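Enquirer: Could you have a look at this structure, given as structure tokens, before my questions?
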Amino acid sequence: MRRSGWRYISVVMVLLVGLFCCRSSTEGEEAEGRGKIEAGKPRYVRKNHEAWQSRGRIVGIAREAPQFTVRILDASKQEVESTTAEKLKDGKRAYEIWLQPGTYILVIEAKGHETLDVHGLKVKRGFDLRVDLEFTGHK
């Protein structure tokens, strides 16, 4: 076979493999029909105000997020608090939950997205524990 024939076959094979890869990933998303929620790395922010003397907060911002619910569970998986994210400018949403010091599970729920559970979050007196969120996939 001539050199140009092999080149043609190579190009066709690359295109077919690329088409198969792209098609199979989108088919998986359609079959699932659910987006994902990811949490950023939790970080502590020190607060020197009397409101934080006996408590702490779990707070966060989500960019381009749908309406979502935040639930806080204790170590025995009993719900302690819950709230709905507040709509901000530019499609962002924010949440905050005041808690007594302790270890908690953060549960994020949004229609069309898989539920996100973040375990082992330690709330400290005098600190915000910031956990930002990213919603991907489903719109």
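The values are calculated or read from the model by the stated rules, or taken from the named source; none is laboratory data. Just so you know, these numbers come straight off a predicted model, no measurement behind them. Note: ideal-geometry Cβ built from the backbone for every residue, glycine included; neighbour counts use all protein chains shown. Heads up: the accessible areas ignore ligands, DNA and RNA and are worked out on the full protein's heavy atoms, side chains in. Shrake-Rupley method; radii C 1.70, N 1.55, O 1.52, S 1.80 Å.
Enquirer: For Lys87, which lysines qualify as cross-link partners when the Cα separation must be under 18 Å and same-chain residues fewer than eight apart are set aside?
Expert: Lys111, Lys139
Enquirer: Over the range 38-139, with every protein chain in place, what whole percent of the accessible area is carbon and sulfur at 1.4 Å, could you tell me?
Expert: 45 percent
Enquirer: Out of the GluC sites (Glu not before Pro) in the range 46-139, which ones are loop residues according to DSSP with at most 16 other C-beta atoms within 10 Å?
Expert: In loop regions of the range 46-139 (DSSP not H, G, I, E or B), the sparsely surrounded GluC sites (Glu not before Pro) are Glu64, Glu114.
Enquirer: Also, I was wondering about something else. So for the range 85-139: antiparallel DSSP bridges make up what percent, rounded to the nearest 5?
Expert: 100 percent
Enquirer: Please report the net charge: other residues with Cβ closer than 9 Å to the Cβ of Gln67, K and R +1, D and E -1.
Expert: Net charge in that neighbourhood comes out at +3.
Enquirer: For the range 53-107, which trypsin sites (Lys or Arg not before Pro) are both in a DSSP coil and crowded by at most 12 other Cβ atoms within 10 Å?
Expert: Lys77
Enquirer: With every protein chain left in place, what is the accessible area of Ser76 in Å² (1.4 Å probe, nearest 10)?
Expert: Ser76 has an accessible surface of roughly 80 Å² with all protein chains in place.
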